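Working notes, structure below.
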Amino acid sequence: LVVRGHTDDRATRNNIYSSNWELSAARAASCLRYVLKKSGISSKRVKAVGYAGTKPLVPNTSDRNRAINRRVEFYYQPPSDRW
């Protein structure tokens, strides 16, 4: 399981995260922590990734679009015989 955190293109406005990279990684890690707590998935089979604002779904041209770009994505890849 890969959890990907994203932000919009605006700089963070708080004292907790000094960059969108940190914010997006924290979003992903927080979601991943919840999944691990509620599931039987091994922690050896998961990772959290922060993309900041580098992969927007829509242009950051309005508040609505920025809200869409602030997201977390979950990708599941079934086990392979090679691993």
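The values are calculated or read from the model by the stated rules, or taken from the named source; none is laboratory data. Just so we're clear, the structure is a prediction, and the values are computed from it rather than from any experiment. So basically every Cβ, Gly included, is an ideal-geometry build from the backbone, and we count neighbours across all protein chains shown. Side chains included, ligands, DNA and RNA excluded: accessible areas come from the protein's heavy atoms. Shrake-Rupley method; radii C 1.70, N 1.55, O 1.52, S 1.80 Å.
Considering Cα pairs under 8 angstrom that are at least six residues apart, work out the relative contact order of segment 1-70 and quote it in whole percent.
45 percent
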Self-check item: With every protein chain in place, the chain: carbon and sulfur % of accessible area (1.4 Å)
Solution: 51 percent
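Any chance you could run the full-extension gain for Phe74 through Lys37? It's 0.36 nm times the residue separation minus the Cα-Cα distance, nm to one decimal. Could the numbers behind the result be given before it?
Numbers: separation 37, 0.36 × 37 = 13.32 nm, distance 1.58 nm.
So the chain would gain 11.7 nm between Phe74 and Lys37.
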Exercise. Run a plain Debye calculation on segment 19-70 (Cα atoms as equal point scatterers, no solvent) and give log10 I(q)/I(0) at q = 0.23 Å⁻¹, rounded to two decimals, same order as the q list.
Key: -0.85
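Measuring with a 1.4 Å probe in the full set of protein chains, what accessible area per residue, in whole Å², belongs to the chain? Walk me through the intermediate numbers first.
Details: 6050 Å² over 83 residues.
That works out to 73 Å² per residue.
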Quiz item: For the chain, what is the mean residue ellipticity at 222 nm derived from helices alone (per DSSP H run of n ≥ 4: -39500 (n - 2.57); sum divided by total residues; nearest 500 deg cm²/dmol)?
Solution: -10000 deg cm²/dmol
Quiz item: What net charge do the residues around Arg70 carry, taking every other residue with its C-beta under 9 Å from that of Arg70, with Lys and Arg at +1 and Asp and Glu at -1?
Solution: +2
